[in-house]
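All remarks here apply to the structure that follows.
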Amino acid sequence: MISTLQDNAIVLSERVQRAALRVDRDPEEIQIVAVSKSFPRAAITAAYDAGFRAFGENRVQEIRDKYAEPYPADIEIHMIGSLQTNKIAQILPYMSVLQTLDRVTLVSALQSHLEKTDRHLNVLIQVNVSGELQKSGVSLNEARTLLDEVLQAPRLRPIGLMTMAPFGAHEQVLRDVFSTLRILRNDLQQATGAALPQLSMGMSDDFEIAIEEGATIIRPGRSLFGDRN
Ligand SMILES: *Cc1c(COP(=O)(O)O)cnc(C)c1O
């Protein structure tokens, strides 16, 4: 299993490099968040040994169980699932980045917990670019309102936008979704003066297209850890 992960890691990093070079980007500017949701702590340890430092998780209870034992201080846990307001206190000690800020009501709840613990939190605004009903995230039109709220919350640091593309869509559809997120980011930067350097987009099946369209954070899971049960 360990050798499989190391093999996968090599293939993954070669794919990232090739995609970046195709569009004249520096592969070093692309952060890989290894999506370890549903995989055991041993898989995280193996990925850490292979050089990964950022891990994506989507369930609060799973995070508390998996990271109960001490872990290296340079591990970053990115929350990539929907966060309920009543779980904020439980997850805050583990979370380095909230990639899925998807509604105004989360902002004040996060702000007050962060004040209590004297912390700041990096957040990405999750945008439902494709408009699929089952997907979380604000619409393209609502993104500005949510960003304005975040900019009023001194403990929250908005660092960019995140999206999920429709599953199994054709390449051109994926490209449109990713480039739409990039254009929205550019528009929001212009309109508010806020710096939003990060674009989190691309999973195992579509991260190369996402990189070509400007992703700075990709979120592969299966291509590193193998299939989830
Ligand atoms: C599960 C998940 C991923 C990883 O998906 P893979 O297909 O395993 O690469 C990435 N982002 C989010 C938000 C996810 O929920």
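If you check every pair at least six apart or on different chains, which have Cβ atoms under 6 Å apart with a residue in segment 12-36 that is of a type in the set (Gly, Ala, Ser) first and a residue that is surrounded by fewer than 17 Cβ atoms within 10 Å (Cβ to Cβ) second?
Between residues of segment 12-36 that are of a type in the set (Gly, Ala, Ser) and residues that are surrounded by fewer than 17 Cβ atoms within 10 Å (Cβ to Cβ), the close pairs are ALA20/PRO27.
Hey, can you tell me all the residues within segment 214-229 that are modelled with pLDDT of 95 or more, more than 10 Å from the ligand (Cβ to nearest atom) and surrounded by fewer than 22 Cβ atoms within 10 Å (Cβ to Cβ)?
Matches in segment 214-229: GLY214, THR216.
If I go through segment 106-125 residue by residue, how many of them are more than 16 Å from ALA143 (Cα to Cα) and in contact (Cβ under 8 Å) with a residue 40 or more places away in the chain?
The total comes to 5.
Mind listing just one residue for me: the one in segment 154-167 that is within 13 Å of ALA194 (Cα to Cα) and of a type in the set (A, V, I, L, M) and, of those, nearest to the ligand (Cβ to nearest atom)?
Among those residues, the one meeting the criterion is LEU161.
Take ALA34 and decide whether it is closer than 13 Å to ILE218 by Cα, out of contact with any Phe, Trp or Tyr (no Cβ under 9 Å at 6 or more places or on another chain) and within 15 Å of the ligand (Cβ to nearest atom).
no
State whether one or more residues within segment 104-114 are assigned to a loop (DSSP other than H, G, I, E, B), of a type outside the set (Asp, Glu) and over 15 Å from the mean Cα position of the chain (by Cα).
No, because not a single residue in segment 104-114 is assigned to a loop (DSSP other than H, G, I, E, B), of a type outside the set (Asp, Glu) and over 15 Å from the mean Cα position of the chain (by Cα).
The values are calculated or read from the model by the stated rules, or taken from the named source; none is laboratory data. Quantities reported herein were computed from a predicted structural model and do not represent experimental measurements. Backbone-built Cβ (ideal geometry, glycine too); neighbour counts: all protein chains shown.
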